[in-house]
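Please read the structure below before turning to the comments.
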Amino acid sequence: METPIQAIERPDADECSDTMRVWEALHGVTDPEIPVVSVVDMGMIPSVKLVGGRIVIRMMPTFAGCPALTTIRENIRRAVELAGFADVQVEAVFDPPWTTDRITVAGRKRLREFGLAPPSKTCGGGVDEALIASVLCPFCNSSDTKLESIFGPTLCRAIHYCDACQQSFEQFKPI
Ligand SMILES: [Zn+2]
């Protein structure tokens, strides 16, 4: 006898296991600009709640006015619906603003593996050129790097050059 697939009906599920399933689904949703890092590892999801049968996901957009926002919101909704939730609401949160300090340790590791230097932590101190310039090479981990261009292929990336392994690399700029 085949076991019926129970995607929507889970009478024994409590709120915690529901929200855990949502978090699992969110781990599969990536920022279109950085396909290796999930929205969770980007620190974009401050909360997931079950409110009267509806899943309410708060999402902090990474960059204000980013054209990818609609795409990310749709991708989140679709992933959570596929995990078996019919009523999903994704709320954008702009206050407090997202900053690169929210990127998790796992997210930073994946950025490096992708060849993209993770942003230096601002620790609330603001961003200046010196902070952007002080970055470790994602290939050889050397600090012997210099800032080549503060604007890379996209606004959120800077280009650096590593004197140790003589390669240029991109950095996800701190904000
Ligand atoms: Zn290097």
* Structure fact -> Classified through the alpha carbon gyration tensor (a ≥ b ≥ c as square roots of its eigenvalues; rounded if a/c is under 1.5, else prolate when a/b is larger than b/c, else oblate), the stretch 76-135 comes out oblate
* Of THR62, THR71, THR145, which has the largest mean-square fluctuation in a 10 Å C-alpha GNM of the chain? -> THR71
* Build a GNM of the chain with springs between Cα atoms under 10 Å: which of VAL40, VAL80, VAL127 gets the top mean-square fluctuation? -> VAL127
* Carbon plus sulfur fraction of accessible area for the chain, probe 1.4 Å, in percent -> 54 percent
* Can you spot the lysines whose alpha carbon is less than 27 Å from LYS109's alpha carbon? Ignore those fewer than 8 places along the same chain. => LYS121, LYS146, LYS173
* LYS121-ALA86 FRET efficiency (beta carbon distance; Förster radius 35 Å; 0.05 resolution) -> 0.35
* **Residue-span extension gain [SER142 to GLU129] - 0.36 nm each, minus C-alpha spacing** => 2.8 nm
* Asked: In Å², what does the accessible area per residue of the chain work out to with a 1.4 Å probe?
  -> 55 Å²
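How about the stretch 76-149: which chymotrypsin sites (Phe, Trp or Tyr not before Pro) there lie in a loop by DSSP and see at most 13 other Cβ atoms within 10 Å?
Taking the stretch 76-149 and a limit of 13 other Cβ atoms within 10 Å, the loop chymotrypsin sites (Phe, Trp or Tyr not before Pro) found are PHE94.
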* Structure fact -> Normalised per residue, the volume inside the convex hull of the alpha-carbon atoms of the stretch 116-172 in Å³ amounts to 71 Å³
* Asked: Taking N as the number of residues in the stretch 24-133, what is its alpha-carbon radius of gyration divided by 2.2 N^0.38 Å?
  -> 1.12
* If you average the sequence gap of Cα pairs under 8 Å that are 6 or more apart and divide by the length of the chain, what percent do you get for the contact order? -> 17 percent
* Using 1/(1 + (r/R0)^6) with R0 = 41 angstrom and r between the beta carbons of SER17 and THR71, what's the FRET efficiency to the nearest 0.05? -> 0.90
* If the convex hull of the alpha-carbon atoms of the stretch 80-175 is projected onto planes in all directions, what is the mean projected area in square nanometres? -> 7.9 nm²
* Listed residues PRO153, PRO97, PRO32, most fluctuating in the chain (Gaussian network, C-alpha, under 10 Å) -> PRO153
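The values are calculated or read from the model by the stated rules, or taken from the named source; none is laboratory data. Here the structure is a predicted model, which is why all the values come from computation and not from measurement. We place every Cβ from the backbone using ideal geometry, glycine too, and count neighbours over all the protein chains shown. To get the accessible areas, we keep the full protein, side chains included, count just its heavy atoms, and leave off ligands, DNA and RNA. Shrake-Rupley method; radii C 1.70, N 1.55, O 1.52, S 1.80 Å.
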